Number of protein chains: 2
Amino acid sequence: MAIPIQFPFLLRFFFLFSLCSFSVSDSDSPNSHQHRVFPRPLIVEYAGVAEVAEEVRLRCGAWRVAGEANNLGEWKTVPEECVEYVKEYMTGKGYLVDLEMVSKEAEEYAKSVKLSDDGKDAWIFDIDETLLSNLPYYAAHGYGLELFDHEKFNDWVETGGAPAVEPSLKLYEDVLNLGFKIILLTGRSERHRSVTVDNLVNAGFKEWDQLILRSSADQGKRAVLFKSEKRNEMEKDGYRILGNSGDQWSDLLGSSLSVRSFKLPNPMYYIP
Amino acid sequence: MAIPIQFPFLLRFFFLFSLCSFSVSDSDSPNSHQHRVFPRPLIVEYAGVAEVAEEVRLRCGAWRVAGEANNLGEWKTVPEECVEYVKEYMTGKGYLVDLEMVSKEAEEYAKSVKLSDDGKDAWIFDIDETLLSNLPYYAAHGYGLELFDHEKFNDWVETGGAPAVEPSLKLYEDVLNLGFKIILLTGRSERHRSVTVDNLVNAGFKEWDQLILRSSADQGKRAVLFKSEKRNEMEKDGYRILGNSGDQWSDLLGSSLSVRSFKLPNPMYYIP
């Protein structure tokens, strides 16, 4: 995945600094009128550096969008050249604007649905990077550059301090008020039920119909299978799955699919 | 969809020009030292305008990505505020880099597959905005701002002059060389078979197993149903559908799904 750009990038910097030192020694010479040419190589090279940065930005943007469109094969870490891009995306406006767009589309759809009065119209929400944000954890772990470390991540989960994904909290409240039954379906382990409940409530998610975590029997299953099985059980219980929000394609694909699925952005990690 | 930004945007311009005229008349006064303040409001306002432009860019980027992730409901035209963004994306490097990323991922997957020797491993390609580009047509019709006009579009199809989507041509050749059977599955009408064949051949696509167009019986069917039915027939004919490339989610979803699907970018139109 990572197309190596470091070498030409460094070469350009080397070229830049050679020109600088040449210009500086030149400006030390008595030909003071030559002083005027000093900034020129800097400007030319700045454009060159900006061009490379723009190419990396385009490539990393293409990589991110390919992930959102489910075009990427399984990946373990963010491509090295994209770490800065992902950091800027996650901490700048890009991530928030994307989240708001997905919530708005989901809300429009939710409002367009005519619900039955048997209380069996369901909306599924994943938890991590869907309702709760682990950005504080990933900020301390390279925004996806580091290989996923279960133990460290579990320590973070056990703090119970994950903030709400704000646009999802708004969607959650809207969907709840419209009369959908909310089912939370997460890859988190059953042993984290209590801390997860506390974290959800503290973050503003106060009410749900079911909270489904991985039991010991589900450990080791691929997420797409685990979640398909659980959706199948919901259907058997009479639920009509009308909406499903998740940041991973494995939250949304498989079998017993929702009528509409909403893929929240996440360029930091991939769960098969 | 289109969040109206025209009003505040114009207001800012109004503000900018008021400040300009104020500064200009001020610089006509004998207090020539005040001349120094002249560019300041310009700079301040330029930042304001750039900020609005950046917000539109972010919103339109979020709209485009939401489309690629299949988060948008059915849409008829590009949101008005995003026309310039879409034009820049399609005619600049963005579209090409995205196409290259999808082709590269598809090629990596194609190479990873172990083919059988019964000649039944198939790769499906859609045609419009997948193998052939209608960008010349859309450039003359507002890059998706205009409502789709079947008649005008058919006139364009009948010129047979659509160029290849270059990264797809490369993938096509790679997939062919790997031994996949290529099936072209398009929403184009059977009456355009001949011009479509000529156009494909002229654009460099020389060989395929089947070219499936809409027969009169398929007219009026939603694309997702038409294409699912055709994939189902392929399966009945013994094909294993291992790859599927299309620019619309209706090329890829439904039933008889491909093992892997590849969504090519297309922010100009939506086919349900």
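Bear in mind these aren't lab numbers, they're just calculated from the coordinates by the rules spelled out. Here the structure is a predicted model, which means the values were calculated and not measured. Every residue, glycine among them, receives a Cβ derived from its backbone with ideal geometry; neighbour counts consider all protein chains shown.
Taking a Cβ cut-off of under 15 Å around residue A:204, the surrounding Lys, Arg, Asp and Glu residues balance to a net charge of -3, with basic ones at +1 and acidic ones at -1.
Its Cα centre serving as origin, region B:90-263 has a Cβ charge dipole (Lys and Arg +1, Asp and Glu -1) of approximately 360 debye.
Across the identical copies, the label point of residue A:256 (7 Å from Cα in the Cβ direction) is separated from its matches by 2.7 nm, in order from shortest. With the simple model of a label 7 Å out from the Cα in the direction of the Cβ, residue A:80 to residue B:116 spans 4.2 nm. Taking the DSSP bridge list for region B:90-263 and keeping only pairs wholly inside it, about 5 percent are antiparallel.
Arrange the following residues from fewest to most other Cβ atoms within 10 Å of their Cβ: A:150, B:141. Let's see the in-between values first.
Values: A:150 8, B:141 18.
So the residues, fewest neighbours to most, are A:150, B:141.
Between B:75, B:99, B:122, the Cα set farthest toward the positive side of the dipole of region B:70-122 (charges on each charged residue's Cβ, about the Cα centre) is that of B:122. Backbone amide hydrogens, once placed in the peptide plane, bring residue A:262 within less than 5 Å of A:244, A:245, A:246, excluding anything fewer than 5 places away on its chain.
This ranking places B:120, A:227, A:76 by how few other beta-carbon atoms lie within 10 Å of each, fewest first, which gives A:76, B:120, A:227.
Think of region A:131-271 as a dipole: +1 on every Lys or Arg Cβ, -1 on every Asp or Glu Cβ, centred on the Cα centre; then among A:159, A:141, A:182, A:182 lies furthest on the positive end.
The amide H of residue A:132, built 1.01 Å from its N in the peptide plane, has A:165 as neighbours under 5 Å, considering only residues 5 or more places off or on other chains.
If you average 1/r over every pair of different alpha-carbon atoms in region A:93-263 and take one over that average, what Kirkwood value in Å do you get? Mind showing how you got there, number by number?
Details: mean 1/r = 0.0609 Å⁻¹.
After inverting the pairwise mean of 1/r, the radius is 16.4 Å.
Annotation for region A:123-214: trypsin sites (Lys or Arg not before Pro) lying in DSSP loop with at most 15 further Cβ atoms inside 10 Å of their Cβ are A:206.
Just to verify a number: FRET efficiency for residue A:150 and residue A:202, C-beta to C-beta distance, R0 = 25 Å, to 0.05? Efficiency at R0 = 25 Å is approximately 0.60.
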